[in-house]
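Each reported figure results from applying straightforward, stated rules to the coordinates on display, with no laboratory input. Predicted model, so just to flag it, every value in this text is computed and none were measured. Glycine also receives a Cβ, built like all others from the backbone with ideal geometry; neighbour counts cover every protein chain displayed.
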C-alpha cells in the first residue's frame, strides 16, 4: 500500500513542492514496477540530487542510506532511477524542462522569498501555507508525463550492502569503517586525517 503524502510531510517536517515531486516520482515507480515499500534491499533508488524530493522516496519506497538501498549521485539533476531487484526491472524518471512548479501559482516565489528574508507577516504566512498546499496537491494529481520523462531502462543492479569492520584510525583514534581507511606511510588513517596529512 502506497503511503499518503501526509506521511511524507510528517517525516520531512513541512509541505513543499519538492517533497510533492518526490512523492509523485515514488508513486509512479511503485505503480509501474508493482512494488511495495522495501523491507530490506528489494528496491533500490538511485537519486541524482539531494533535494526535498529524496525524503519522499525514503518514506514511500523505504529506500534508505542505512539499508544501503538509497544511492546518491551528486549530479544536481532531477532524475530518479528505481530498481526492482526481484524482477530485474528499472525505470528512470527525469523531470521535464517544461515543468515549473513556480508557474502553478506565481505568488509562491515572492512569499518564499519574504519567508527567507524574515520579512513575512502573519497574514502572508497563512497565505503561503495555503498556496503551498494547493501547489503540492496540483503536482500530486498532475498527469505523470507532464512532470517526468519516464522510461524503462537496463541497468547494472548494484550489489547488496556490505557490512565492514570498524578499525581505529592511527592518527585520530576514532573508529572508521575498514573500507574507508587510507594508507599514509605505514599508518592506516581516516579520510579527514589523510586529507590533513596530505595537505601539510
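Observations, loosely collected:
- What the Cβ-Cβ distance of residue 199 and residue 1 gives, at R0 = 45 Å and to the nearest 0.05, is a FRET efficiency of 0.30.
- If you run the Gaussian network model on the chain, springs between alpha carbon atoms under 10 Å, then out of 182, 24, 125 the most flexible one is 182.
- Sites residue 178 and residue 72, calculated FRET efficiency, Cβ-Cβ separation with R0 30 Å, nearest 0.05: 0.90
- Stretchable slack from residue 125 to residue 107, in nm (0.36 nm times residue separation minus alpha-carbon distance): 5.3 nm
- The calculated FRET efficiency for the pair residue 87 and residue 64, based on their C-beta separation and a Förster distance of 25 Å, comes to about 0.75.
- Normalised by the number of residues in the range 1-119, the mean separation of alpha-carbon contacts (under 8 Å, six or more apart) gives a relative contact order of 24 percent.
- Fluctuation leader among 113, 97, 134 - the chain, Gaussian network, Cα springs under 10 angstrom: 113
- Most mobile listed residue (71, 120, 140) in the chain, GNM with C-alpha springs under 10 Å: 120
- Across the chain, C-alpha contacts under 8 Å between residues 6 or more apart give a mean separation that, scaled by the residue count, equals a relative contact order of 18 percent.
- Prolate/oblate/rounded label for the chain (Cα gyration tensor, a/c 1.5): oblate
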